[in-house]
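This report refers to the structure that appears directly beneath it.
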Amino acid sequence: MIFRSIQTKIVLIAGLCLVSAVVLLVGYGLFSSTRTQDRVSAEVSSLLTELNMERLQNLAGEQSGTIQAELELALNAARTMANTFEVSKLKPKDGKEALDIGRGQLNAVLLNVLKSNKSFNGTYSCWEPNAIDGADENFRVNKDGNNPTTGRFTPYWTRDDKGNIAVQPLVEYDTYDKHPNGVLKGGWYITPREQNKESVLGPLPYIVQGKQVFLATMSVPIHVNGKFYGVAGADYNLDFVQQIAKKVDKELFEAHGQVSIIADNGLLVAQSE
């Protein structure tokens, strides 16, 4: 399953100092002699470590499952949209398109999926040159997600932190450049195009409605009869993962520790402080 390779891991950077402090207090409270204190401290430390590690593992599994469920929701939405758009490119025996989906209809689908999923940051579709209707030159306007220079159909519907929804053209889909954190800028488009497989990418820095955010983005290829047409996708603002980190810190360390959530590629996704 795809999520085996993108499992999110919860790593506890701090907290051991808190356990050590508890052990020290318990040890001094019970005995004053140095030898006895050392023995009791070691026994209490072992007990606390065992109990905390079990609790940490359970909580890590629980919160990892929460993150995975969110990612699966967006990935399934991307799959459904890609399958729908593929139908429009299937050619029946009479040569006509099975389903007539133009730019307006496709935008309506993207908008509806975003409105129906309140936790999503955005939905999008990016098409190869002239792949949707062969009329890119007629859409060289910065409107409805069309690229103002090329006319390519690249709509990205987003929701800001106040709930306002807007559409903007996607950018950097063809570039092999990398962000400072090492993530391929166009990875969400290049991977489906070149490898014909789904992409789960993040943390991806991106400008959404004029504000930089960090995203986890899921994209699925639109591929018919051996031909790549584009991708359909959905994404999350990783702020929701930040809230999970703070929740774990509060439950385990009463907000006095530090919890980091790290992706399988080693990149920091969120931190409680």
Subset of region 152-168 that is more than 20 Å from the chain's Cα centre (by Cα) and closer than 19 Å to Gly186 by Cβ - its residue that is surrounded by the fewest Cβ atoms within 10 Å (Cβ to Cβ): Arg152
Every residue from region 192-222 that is in a helix (DSSP H, G or I) and touching a residue at least 12 places away in the same chain (Cβ under 8 Å): Pro192, Arg193
Scope region 109-163; condition more than 15 Å from Tyr229 (Cβ to Cβ), in a strand (DSSP E or B) and of a type in the set (Gly, Ala, Ser); matching residues: Gly122
Residue count, region 189-234 (criterion: at pLDDT 95 or above, surrounded by 21 or more Cβ atoms within 10 Å (Cβ to Cβ) and more than 26 Å from Leu99 (Cα to Cα)): 0
Set Leu114, Leu110, Leu106: member being surrounded by 15 or more Cβ atoms within 10 Å (Cβ to Cβ), modelled with pLDDT of 95 or more and over 21 Å from the mean Cα position of the chain (by Cα): Leu106
Failed condition for Phe139, given (1) surrounded by fewer than 18 Cβ atoms within 10 Å (Cβ to Cβ); (2) of a type outside the set (Gly, Ala, Ser); (3) modelled with pLDDT of 95 or more: (1)
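Among the candidates Glu86, Glu54, Glu72, single out the residue that is buried (at least 17 other Cβ atoms within 10 Å of the Cβ), of a type in the set (D, E, K, R), part of a helix (DSSP H, G or I) and at pLDDT below 95. Show your work before the answer.
Working: Glu54 fails: buried (at least 17 other Cβ atoms within 10 Å of the Cβ); Glu72 fails: buried (at least 17 other Cβ atoms within 10 Å of the Cβ).
So the residue among Glu86, Glu54, Glu72 that is buried (at least 17 other Cβ atoms within 10 Å of the Cβ), of a type in the set (D, E, K, R), part of a helix (DSSP H, G or I) and at pLDDT below 95 is Glu86.
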Count of region 172-191 residues which are under 15 Å from the mean Cα position of the chain (by Cα) and either aliphatic (A, V, I, L, M) or assigned to a strand (DSSP E or B) (or both): 2
The listed residue being farther than 22 Å from Phe240 by Cα, basic (Lys, Arg) and touching a residue at least 12 places away in the same chain (Cβ under 8 Å), out of Arg140, Arg152: Arg152
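The values are calculated or read from the model by the stated rules, or taken from the named source; none is laboratory data. The shown structure was predicted, so the numbers you read here are calculated from the model rather than taken from an experiment. Don't worry about glycine lacking a Cβ; one is built from the backbone with ideal geometry, like all the others, and counts go over all protein chains shown.
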